[in-house]
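Peer 1: I'd like to ask you about the structure that follows.
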Amino acid sequence: MSNSGRRTVAAPVVLLLAVVLGVAATFALDLFLLWWAALLIGVTLAFGLVAALAPITPDERRIGADGTKEEGTPLHNVLVLPMSFILAVAGGLVSAWVLDLQLIEPVAAALGALVGSALAFVLFHRLAAMMALSFAAVLSAGVIAIAVTAAVLYFSGIAPFQTFGRMAEFGTRPDSMVQIINSSITYYLAAVAVAIGFKMKLFNIGVDGQYRLAALLAAAVGGYLVLPPVISQIVIIATAIVVGGVWAGIAGYLKVARGVSEVISTIMLNAIATGITAYLLSTDRLAVEISTNNIGTPPMPESAWVPGIPAGFLGSQREIYGLVFLAAAVGVLYWMMLNRTRFGFELRATGQSQTAAEASGVNVKKMVFLSMLFSGMIAGLVGLPQLLGHSHYYALDFPAGIGFIGIAIALLGRNHPVGIVFAALLWAFLDQAAGILPFDGIPQEIAVIAQATIVLTVVVVYEVVHRWGRRYQQQQIGKQLGRTVESSGEAQ
């Protein structure tokens, strides 16, 4: 009982009731309806239960980042509640779809309802208004991008919905999903490398040259040095990190020592890296003949390979790159560096205002150099998933241009380690799904239009929303301060 005598229901009890209702309703309705319709109704009922019991669920009031209470505000009622519902339903549907690859449909739908119902409770009580605003911005940008792409298709005489359906069908095939995951691993590493620079307001456009030069030299080391397992992988990874860091460090040094713009220096270093790669990738130097029309570094022995992860759980006979764990570790370390270390604090502070950072005792030149260095070190890893997990040598046909894709994905993911994950998966999905279009007589460049439109709309919409959100926070703080002053005056 509360102090006022009103009966309350403990939060864990509400969570349990919501999950039981959602799962039971989904399981029962699945006997008569399509699984996704049953799940939608089940999660909706769970969300309604959570909303109905919210007034008597204690200690679940939302507190914004500015310290003001959000529950009951217009922004909360108009935005947070709908976004919580949409995200809960989406989480349940995606979970059920993935589980359906291995489980029978009723079980997968029930487990999806469990996830969606649990999300309904958590999001209803914990989703902050500004976070909901960010999700809404991304969702709005996605809708705009789809509308623009559909318009281009329509005026080109191509049926938009048929095209989208064809892409969705091909992109969700088991083998396609494995390829999407593998591509997103390299995209993720490239985007994190770019994001480190973005946090300092530095534009490391040289990721492409950094990773290609690092991959070439790492492949040469792996091909010419036969070492025991584990040691071999460590040496190859360390080589790539050092090469990428040194190459980016040149741009960092020029920035702090001579004031050279990192944009200009990294563009020039890209050209130099291309020339060095072409010079070294010769049969007179590091390369050997791989096939009739291809040369590359000597194939690495099997002791240097990184075993893949069988993708049988996705229904595919292919393998996911084993370095997916390295990419995950990079994301965790990136988050920890930004939010749990002094270096990360100084990096963000310098990025916000170099003048204020200098006044606080931060060595700005040192931060600029180290940011470029760390960005290059991560960039050196970009080519390793392909190198150690698939090709096992660096050749003329080694993937290029990933660094520039990383720039778009970093912008799309707002430089956040989790946001970059979804951005990389989306980008890889569009790349893979567009592969089926030429067989239907549809230009494959449709995916490029969609990608470019998504990046542009996300950047523009998010910036507009961010500015409005800051004004909204300021207004809420002003109202809170006004109420505090009035209360103090009445108390006196």
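The values are calculated or read from the model by the stated rules, or taken from the named source; none is laboratory data. Keep in mind that what you see is a predicted model, and the values were worked out from it rather than measured. Cβ placement follows ideal geometry from the backbone for every residue including glycine, while neighbour counts extend to all protein chains displayed. Calculation scope for accessible area: heavy atoms of the full protein, side chains included, ligands and nucleic acids excluded. Shrake-Rupley method; radii C 1.70, N 1.55, O 1.52, S 1.80 Å.
For (1) surrounded by fewer than 16 Cβ atoms within 10 Å (Cβ to Cβ); (2) closer than 24 Å to residue 412 by Cα; (3) in contact (Cβ under 8 Å) with a residue 60 or more places away in the chain, each residue gets a yes or a no:
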residue	(1), (2), (3)
113	no, no, yes
138	no, yes, yes
168	yes, yes, yes
171	no, yes, yes
176	no, yes, yes
179	no, yes, yes
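Peer 1: I need the full set of residues from the range 151-166 which are in a helix (DSSP H, G or I), over 14 Å from residue 434 (Cα atoms) and open to solvent by less than 70 Å² (accessible area, probe 1.4 Å), in order please.
Peer 2: Answer for the range 151-166, where residues must be in a helix (DSSP H, G or I), over 14 Å from residue 434 (Cα atoms) and open to solvent by less than 70 Å² (accessible area, probe 1.4 Å): 151, 152.
Peer 1: Does residue 253 satisfy the condition of being open to solvent by 50 Å² or more (accessible area, probe 1.4 Å), in the same structural domain as residue 302 (by TED's automatic domain parsing) and within 14 Å of residue 375 (Cβ to Cβ)?
Peer 2: Yes: the conditions hold for residue 253.
Peer 1: With (1) within 26 Å of the chain's Cα centre (by Cα); (2) assigned by TED's automatic domain parsing to the domain that holds residue 284; (3) closer than 30 Å to residue 263 by Cα; (4) of a type outside the set (Asp, Glu) as the list, and residue 145 as the residue in question, which single condition is left unmet?
Peer 2: Result: residue 145 passes all but (2).
Peer 1: Hey, another quick one. Determine which single condition residue 246 fails, assuming it passes every other condition in (1) open to solvent by 30 Å² or more (accessible area, probe 1.4 Å); (2) within 21 Å of residue 185 (Cβ to Cβ); (3) at pLDDT 95 or above.
Peer 2: All conditions pass for residue 246, except number (2).
Peer 1: Please specify each residue of the range 296-351 satisfying the condition of being open to solvent by 80 Å² or more (accessible area, probe 1.4 Å), free of Cβ contacts under 8 Å to residues at least 24 places away in the same chain and charged (D, E, K, R).
Peer 2: 302, 340, 342
Peer 1: Scan the range 38-68 for residues that are open to solvent by less than 20 Å² (accessible area, probe 1.4 Å) and either modelled with pLDDT of 85 or more or in contact with a Phe, Trp or Tyr (Cβ under 8 Å, 6 or more places away or on another chain) (or both) and jot them down.
Peer 2: If the condition is that a residue be open to solvent by less than 20 Å² (accessible area, probe 1.4 Å) and either modelled with pLDDT of 85 or more or in contact with a Phe, Trp or Tyr (Cβ under 8 Å, 6 or more places away or on another chain) (or both), then 38, 39, 42, 43, 46, 50, 54 are the ones that fit.
Peer 1: Can you confirm whether residue 293 is over 29 Å from residue 173 (Cβ atoms) and surrounded by fewer than 14 Cβ atoms within 10 Å (Cβ to Cβ)?
Peer 2: yes
Peer 1: Here's another thing I want to ask about it. Output yes when any residue across the range 259-267 is within 20 Å of residue 218 (Cβ to Cβ) and either aliphatic (A, V, I, L, M) or more than 32 Å from the chain's Cα centre (by Cα) (or both), and no when none is.
Peer 2: No, that holds for no residue.
Peer 1: If I ask for residues that are crowded, with 24+ Cβ neighbours inside 10 Å and part of a helix (DSSP H, G or I), which ones from the range 413-431 would you list?
Peer 2: From the range 413-431, those crowded, with 24+ Cβ neighbours inside 10 Å are 413, 420, 423-424, 427-428; that's our starting set.
Those that are crowded, with 24+ Cβ neighbours inside 10 Å and part of a helix (DSSP H, G or I): 420, 423, 424, 427, 428.
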